[in-house]
1. Pairs please, first residue from the range 129-145 and at positive phi, second anywhere and modelled with pLDDT under 95 and surrounded by fewer than 14 Cβ atoms within 10 Å (Cβ to Cβ), Cβ atoms under 9 Å, 6+ apart in sequence or on different chains.
2. Please count how many residues of the range 47-89 are in contact with a strand residue (DSSP E or B) (Cβ under 9 Å, 6 or more places away or on another chain), farther than 21 Å from residue 18 by Cβ and surrounded by fewer than 16 Cβ atoms within 10 Å (Cβ to Cβ).
3. Name every residue in the range 13-47 that is touching a helix residue (DSSP H, G or I) at 6+ places or on another chain (Cβ under 8 Å), farther than 29 Å from residue 140 by Cα, part of a loop (DSSP other than H, G, I, E, B) and in contact (Cβ under 8 Å) with a residue 12 or more places away in the chain, in order of residue number.
4. Need pairs with beta-carbon distance below 6 Å; first residue over 23 Å from residue 100 (Cα atoms) and within the range 147-164, second surrounded by fewer than 18 Cβ atoms within 10 Å (Cβ to Cβ) and at pLDDT 95 or above; sequence gap 6+ or separate chains.
């Protein structure tokens, strides 16, 4: 199993980060999710789940920043391309969205469209590496819209559910 996406000069393209055009950043948040491809999916894979987190945020925020969670994205082949802007266009149709770190009371953002979506990388202090991890699932997971990372992690521990997983580091410039 392998995850790939296009990088521009070694970095996630600006369109998906804090360097996006102002019209693509409602209220200052980049919200157009980047496309990626998952190939060599194990036999029996029917769904995908994924997480996009920033481990480099710990020294800045005090915790790992969650940028995007998704579960139950249906697949019908051994290779699937997640399209650009799926976080907005496929919400509650093609997958179940989880809650990102904008849910935190430290941020005090109270808008579901931001919390249950893609919050593009916004490294404040230096270039950060963002970790996209994709899970190949035998069946869907029973999670509500707005689920949290811990709920996904617990669901993924179901015996026989996860057939494979792959991660990719996505550098984003300050």
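1. Sorted first by the residue in the range 129-145, then by its partner, the list stays empty.
2. 4
3. Across the range 13-47, the qualifying residues are 20, 29.
4. The qualifying pairs are 161/138; 163/42; 163/44; 163/138; 164/1; 164/42.
The values are calculated or read from the model by the stated rules, or taken from the named source; none is laboratory data. A quick note: this is a predicted structure, and the numbers were derived from the prediction, not measured. A quick note on method: Cβ atoms are made from the backbone with ideal geometry, for glycine too, and the neighbour counts reach across all protein chains shown.
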